[in-house]
Amino acid sequence: MSQRTTRTTQTPRTTRIARLEARITPEALSVVRRAAQIQGRSVSDFVVAAAQEAAQKTVTEIEVIRLSREAQEQFVALLLNPPAPTPALKRAFERHRAMFGE
């Protein structure tokens with residue numbers, strides 16, 4: 001079996017329709033090449049995987065709210081025992097009912 005056939009059966013290829021270019025120092029390229037070689041990947045595959053992982057981590061950090069133990073307990077306590085509505089909240093409910101009904 002050729003190397004291409006072996007690789008295709010091991011890692012399904014997806015259609016790539018976008019191109020990404022970057023300029024990096026020779027030292028950085030050397031490290032990327034070494035890391036790709038260690039993982040048995042092409043430099044391109046390694047860079048794409050690393051970029052996707054970093055991007056997903058960045059998005060997750062923004063989308064996921066992390067609370068301390070104390071903040072978690074306070075949040076649950078407020079959900080289980082909400083404070084009484086303030087006069088402003090009561091007025092907002094009345095305006096909502098007037099506009100949209102029950």
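Explain nothing, just compute: Karplus ³J(HN,Hα) = 6.51 cos²θ - 1.76 cosθ + 1.60, θ = phi - 60°, for every residue of the range 57-64 in order, whole Hz, x for Gly and Pro.
4, 4, 5, 4, 4, 7, 7, 9
Quantify, in whole percent, the carbon and sulfur part of the accessible surface of the range 26-100 (1.4 Å probe; protein heavy atoms only). List each step's numbers first, then the result.
Numbers: 4080 of 6700 Å².
Here it works out to 61 percent.
Give me the 1.4 Å probe accessible area per residue for the range 26-100, excluding ligands and nucleic acids, in Å².
Per-residue value: 89 Å².
Give me the angle, in degrees from 0 to 90, between the Cα long axis of helix 87-100 and the longest principal axis of the Cα atoms of the chain, rounded to the nearest 10.
Once rounded, the angle reads 80 degrees.
Between residue 34 and residue 86, with labels modelled 7 Å along Cα→Cβ, what's the label distance in nm to one decimal, could you check?
Taking the two extended label points, one gets 5.8 nm.
Go through 77, 98, 65 and say which Cα lies farthest out towards the positive end of the charge dipole of the chain; charges sit on Cβ, +1 for Lys and Arg, -1 for Asp and Glu.
65
Between (i) 1.14; (ii) 0.93; (iii) 1.33, which entry matches Rg/Rh (Cα atoms, Kirkwood Rh) as derived from the coordinates of this structure?
(iii)
Suppose R0 equals 22 Å. What FRET efficiency, 1/(1 + (r/R0)^6) with r the Cβ-Cβ distance, do residue 17 and residue 66 give to the nearest 0.05?
Using R0 = 22 Å, I get an efficiency of 0.05.
Starting from the range 15-50, pick out the trypsin sites (Lys or Arg not before Pro) whose DSSP state is loop and whose Cβ has at most 11 other Cβ atoms within 10 Å.
Here the sparse-neighbourhood loop sites are 16, 19, 23.
Once you have the Cα-Cα distance between residue 95 and residue 48, take 0.36 nm times their residue separation minus that, and quote the gain in nm to one decimal.
Extra length from residue 95 to residue 48 when fully extended: 11.7 nm.
The values are calculated or read from the model by the stated rules, or taken from the named source; none is laboratory data. Everything quoted here is computed from the prediction, not taken from an experiment. When we count neighbours, we look across all protein chains shown, and the Cβ atoms used for this are built from the backbone with ideal geometry, even at glycine. These accessible areas exclude ligands, DNA and RNA; they are computed on the full protein's heavy atoms, side chains included. Shrake-Rupley method; radii C 1.70, N 1.55, O 1.52, S 1.80 Å.
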